[in-house]
1. Check off (1) in contact with a Lys or Arg (Cβ under 6 Å, 6 or more places away or on another chain); (2) at pLDDT below 95; (3) among the β-branched types (Val, Ile, Thr) for Ile94 and give me the number that stays unchecked.
2. (1) acidic (Asp, Glu); (2) within 21 Å of the chain's Cα centre (by Cα); (3) at pLDDT below 95: which one isn't true of Glu371, the others all being true?
3. Taking interchain pairs and intrachain pairs at least six residues apart, which have beta carbon atoms under 7 angstrom, with the first residue in segment 287-305 and on the phi > 0 side of the Ramachandran plot and the second part of a loop (DSSP other than H, G, I, E, B) and aromatic (Phe, Trp, Tyr)?
4. List, please: which pairs have Cβ atoms under 6 Å, are six or more places apart or on different chains, and start with a residue in segment 191-214 that is touching a residue at least 12 places away in the same chain (Cβ under 8 Å) and end with one that is among the basic types (Lys, Arg) and crowded, with 22+ Cβ neighbours inside 10 Å?
5. How many residues does segment 133-158 hold that are of a type in the set (A, V, I, L, M, F, W, C), surrounded by fewer than 21 Cβ atoms within 10 Å (Cβ to Cβ), modelled with pLDDT under 95 and over 16 Å from the mean Cα position of the chain (by Cα)?
6. (1) closer than 19 Å to Val342 by Cβ; (2) polar (S, T, N, Q); (3) not in a loop (DSSP other than H, G, I, E, B): which one isn't true of Ser49, the others all being true?
7. Can you go through Val348, Val386, Val342 and tell me which one is assigned by TED's automatic domain parsing to the domain that holds Lys295, under 22 Å from Thr20 (Cα atoms), more than 19 Å from the chain's Cα centre (by Cα) and touching a residue at least 60 places away in the same chain (Cβ under 8 Å)?
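The values are calculated or read from the model by the stated rules, or taken from the named source; none is laboratory data. Keep in mind it's a predicted model, so treat the numbers as computed, not measured. When we count neighbours, we look across all protein chains shown, and the Cβ atoms used for this are built from the backbone with ideal geometry, even at glycine.
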Amino acid sequence: MNPAEHAACGVSIKITGIETIVVNAEMRNWIFVKVLTDQAGLYGWGEASLNWKTRAVTGTVADLEPLVLGRDPRDVEQIVRILNKHSYYRLGIIGATAISGIEHALWDIFGKSLGLPTWRLIGGRTRDKVRVYTHLGLGDMKSVYETFDEGALRDKALAVVDKGYDALKVVFIPYAHYTADIPSRRHVGRLMRVLREAVGEEVDIMIDFHGRPASVSAALQFIEELAPYRPMFCEEPVQPGDTAALRLVTERAGCPIASGERLVGFKEFEPLFRDRALHIIQPDLNHTGGILEGKRIAFAAEQALMGVAPHNPNGPVAGAAALHFDVSTPNFVIQEEMSGAVPWYDDVVKTPMRRDGSYWAVPDLPGLGVEIDEREAAKHPFKQEVIHTQGAMLPDGTVVDW
């Protein structure tokens, strides 16, 4: 009897265990979460990757496991509620990431048990394809965070376009503080001009500030250089958590502003909706509590006239979860993705993400449609990720935001 037949016959399903598999993908460690059940062949895959917090997240998944043993994995809302409330202490980003990975796997099981793709269970189809974008270097971290040279920027951007993408994101805002000096501002302007001239007006450009400016004025000075070249959006122009500052930037920017990747759960997003502090919201379904919490955030964003562009520089299972979310979310705008980030990407995982140009096709396999080859995964065990934050320092030694 296959999983769908089990469900059709009303057979009960119980969770029997949760496992984690860590795969080092050079730029970061992927943390795959496997939820096991008492039905032969029925299990679910999720992802709980969190840069520089791998051991903390895998330990948290192990700590949470006893709370779900013996429960029906299809009771997604109830299980997530238990994981949040019975943990007693507020969990923060590490706990929310662990819960997200478990929750992804529950949706995978639910879809498999019915023979349906997960997007059918979380709202159904709202579009026929899903627009995506990627980064300079197509996953190479040095290219993403260390391309400040005009020639290298042009070459790497054209390489992305040659792969069929019509949208890309760059991180070339310098490490900043409370003020932005004129040479730094002019350099940002030149980089944006070179980029726009290289890819033309048919390619959308997003600029990730990474929260580097320490003041509203510094953020706006950089945006002033960028806005004439019509970015799709400027992302995280100030550090997350200060809604008033973000609203000031949004009101004065002259171009769309996006943020939200470092926020956890609906409660941390709610002030942004109430104060209309953004144009584009960027929940990370890998960190904010899972797909269901992402749907709540998206619904509230729609009422606040905001689009949703989910953050996801993570691994392939997180990408699959995002794809199902995107298919079923009306105010979706564009999806960040990292497919093919390592040469052996397709050896470790089979995923439903079929890209045609700058679009993912709507998947039709049951659940998330993901399968991990555990033997191949074992060839890439945990390693300490490269720490890039050492460069986040001003010439006088002042430590600033990375």
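1. Against the list (1) in contact with a Lys or Arg (Cβ under 6 Å, 6 or more places away or on another chain); (2) at pLDDT below 95; (3) among the β-branched types (Val, Ile, Thr), Ile94 comes up short only on (2).
2. (3)
3. none
4. So the pair list comes out as Met206/Lys169; Asp208/Lys169.
5. Narrowing segment 133-158 to residues of a type in the set (A, V, I, L, M, F, W, C): 136, 138, 141, 144, 148, 152-153, 157-158.
Now restrict to residues that are surrounded by fewer than 21 Cβ atoms within 10 Å (Cβ to Cβ): 138, 141, 148, 152, 158.
Those left that are additionally modelled with pLDDT under 95: 138, 141, 148, 152.
Within this subset, residues satisfying the condition of being over 16 Å from the mean Cα position of the chain (by Cα) are 148, 152.
Selection size over segment 133-158: 2.
6. Result: Ser49 passes all but (3).
7. On the way: Val386 fails: assigned by TED's automatic domain parsing to the domain that holds Lys295; Val342 fails: more than 19 Å from the chain's Cα centre (by Cα).
So the residue among Val348, Val386, Val342 that is assigned by TED's automatic domain parsing to the domain that holds Lys295, under 22 Å from Thr20 (Cα atoms), more than 19 Å from the chain's Cα centre (by Cα) and touching a residue at least 60 places away in the same chain (Cβ under 8 Å) is Val348.
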